[in-house]
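What follows is a short report on a single structure.
Only the coordinates and a few stated rules stand behind these numbers; no lab work does. The structure displayed is predicted, hence computed values, not measured ones. Here the Cβ positions follow ideal geometry from the backbone for every residue, glycine too, while neighbour counts run over all protein chains shown.
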Amino acid sequence: MSTRTTASIYNMIWAHYRLPFIKVILLNLVNAAVSVGIIAYINHTFISQPVFSTLSWLSLGQFGLLVLLLLATTFLSQYALTCLGHRFVYELRTKLVKQIIDTTVPQVDHLGSARLLASLSTDIQSITVAFVRMPELVQGIILSIGVGLYLGWLSLPLLFIVMFWIIMTIWISTILVKHVYTHLRELREINDSLYQDYQSIIEGRKELALNQHRAKNLYTNDLLTHAKSYKKTVIKSDTFHLTAVNWSNIMMFASIGVIFAVSNYLNIPMSIATTFSLTILFMQSPILHAVGAYPTLQTAQVALDKIRSLELADYQPTFTTDIASKSWQSISLNNINYRYENAQTVSSNTVADDSDHPGNILKAVNLTLNRGDVVFLIGANGSGKSTLAKVITGIFTPTTGSVLIDEQSVDSQKNANYRQLFSAIFSDQHLFKKLIGDQGQEPDTALVNDWLHKLKLQDKLSVADHKLSTDKLSQGQRKRLAMLLSVAEQKDFLLLDEWAADQDPAFRRVFYQTLIPELKAMGKTLFIISHDDGYFEHADRLLLMKDGRLTELNAEERKRASADAIAML
């Protein structure tokens with residue numbers, strides 16, 4: 001069997017849970033000693049001596065006590081290892097979630113939700129199953145060593161022959177199990193594809209309902225193809241696994257015949273041969289369970305490798321909740337260029353002027369936002385508006401250029417703090433059902449109730465214990481609900497990415513003529529991506545994004561944009 005599979009898992013346990021693991025090993029050693037003691041007692045009391053002269057209530061009572069002791073030590077050793085395994089899985093799961101939270105948005109976008117969900121569900125489940133089965137493997141190994149020492153004391157030549165037989169059996173099993181491991185890796189890759197299919201079916205349910213040709217294509221060409229591939233591969237994997245188990249089972253039985261044949265040839269006493277045979281029968285179940293448990297550890301190794309391949313952020317137990325500077329006066333973007341890259345890293349040799357790079361979404365963007373500004377941004381689809389919004393809020397890190405807050409550079413060490421300045425509602429916003437107030441405190445109930453009415457949601461939902469009664473609303477109402485969540489946070493900077501696009505004409509007017517002035521009166525700085533040229537007058541400043549380049553419109557250009565924004569794009 002491949003030692004690399006178990007070594008990686010055991011190394012992780014040894015590095016982080018050394019003392020509990022040593023305690024588990026000691027308990028299993030005690031359990032092995034009791035097991036060997038029972039075998040020795042049977043040999044000495046019931047096999048080596050005439051039964052009728054030694055059998056008594058005392059010997060039966062002693063044997064019963066040994067059996068009870070074996071039950072107790074077996075339970076304690078298995079319980080300790082099970083607790084350790086589930087503790088490991090618990091910490092792995094919670095750390096993985098925290099790593100996802102701390103990983104940059106571009107990297108999470110690059111991985112995709114299907115791949116992350118597969119790791120959080122399938123991979124974690126595989127590791128859990130492995131640790132549930134681990135007691136069988138550990139006990140099988142330790143018990144085999146203990147029993148081997150006792151049998152060697154009885155007859156070293158016979159032990160060597162039995163060991164050769166078992167090693168040969170396990171060696172052939174290992175060859176079969178290697179095929180299991182190969183197929184398990186293939187299964188994990190296929191599983192990612194299946195999760196992608198599931199996601200498409202669930203998230204695209206409306207489109208599939210309207211187009212049965214697309215639904216048939218997705219089901220037949222994608223889902224069935226991946227499902228059949230999974231079935232074919234898992235059958236191969238299970239076939240090799242069952243072959244390995246059956247081979248081990250049959251060869252363990254065959255070893256009994258080998259023991260008696262060799263004993264007769266070497267003139268070894270029949271009592272020792274009988275003890276060896278009974279011991280093999282006693283050990284058959286632990287050894288076969290250990291062999292059966294091994295593929296689950298291989299599956300766990302595949303899962304661990306898959307989790308590592310995500311390249312998530314290093315685990316940090318704390319959350320960055322401090323704000324860079326709550327009394328900030330200006331935020332500046334200096335010569336910002338941005339392009340999408342998997343790792344979102346920039347070589348130290350990158351030159352400052354990178355604006356002509358063909359992959360740039362943002363090109364030499366310069367902008368200063370002053371506290372209290374109401375800034376509107378217009379631009380065609382694909383011009384870079386949403387990318388600029390994510391750079392401003394610190395979600396995206398510029399490829400080149402710098403972001404300053406009050407002339408202080410926002411570097412990677414301060415970026416998490418800097419992001420805490422902002423509330424934002426993007427076009428693909430996610431709605432949480434719990435409201436959070438200033439600095440993570442309970443939200444201001446009066447403020448929430450006030451804005452519930454201002455957003456005309458009082459008849460659609462209620463707020464109890466700072467939780468929303470529902471989020472099953474129209475798209476426009478969901479955007480208003482997102483506004484309620486953002487206002488409850490009481491942050492100074494609010495960014496809205498085409499928020500009004502989903503509002504009906506009547507509420508769109510309310511937003512521009514009533515809500516924006518009220519938000520400004522609350523001291524908020526507003527950065528609004530909008531195409532509603534009829535309301536540009538409500539902006540202190542009007543910006544235009546065109547082909548990744550940003551310009552601020554002067555009075556004449558603002559007048560033209562207000563008359564016909566489309567002509568400016």
Revision key, fill the gap. quick note, the chain, DSSP beta bridge pairs, % antiparallel (nearest 5) is 55 percent
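Which pairs break 20 Å Cα to Cα here: LYS178/LYS228; LYS433/LYS460; LYS326/LYS414; LYS434/LYS491; LYS23/LYS98; LYS454/LYS491?
LYS178/LYS228; LYS23/LYS98
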Check your understanding: Mind checking Rg over Rh on segment 376-456, alpha carbons, Kirkwood formula for Rh?
Key -> 1.04
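Apply the membrane-span-like helix rule to the chain: whole DSSP H runs, Cα extent along the own long axis of at least 27 Å, mean Kyte-Doolittle hydropathy at least 1.6. List the helices found.
For the chain, where a helix must reach 27 Å along its axis and average at least 1.6, the hits are 18-42.
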Point to revise | Sorted by Cβ density within 10 Å, fewest first, the residues LYS559, LYS236, LYS491 | key: LYS559, LYS236, LYS491
Review point. Once the Cβ-Cβ distance between LEU404 and THR174 is put in as r, and R0 is 56 Å, what FRET efficiency do you end up with, to the nearest 0.05?
Key: 0.40
Exercise for review: Taking every Cα atom in segment 82-225, find the radius of gyration and the maximum pairwise distance Dmax, and write them in Å.
Suggested key: 23.4, 77
Review point. Using alpha carbon centroids, what distance separates segment 154-226 and segment 59-96, in Å?
Key: 30 Å
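Would you mind giving the three semi-axes, in whole Å and largest first, of the ellipsoid equivalent to segment 3-308 according to its Cα gyration tensor?
Computed over segment 3-308, the values are 49, 23, 15 Å.
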Exercise for review: Would you give the gap between the C-alpha center of segment 286-305 and the C-alpha center of segment 492-540, rounded to a whole Å?
Suggested key: 58 Å
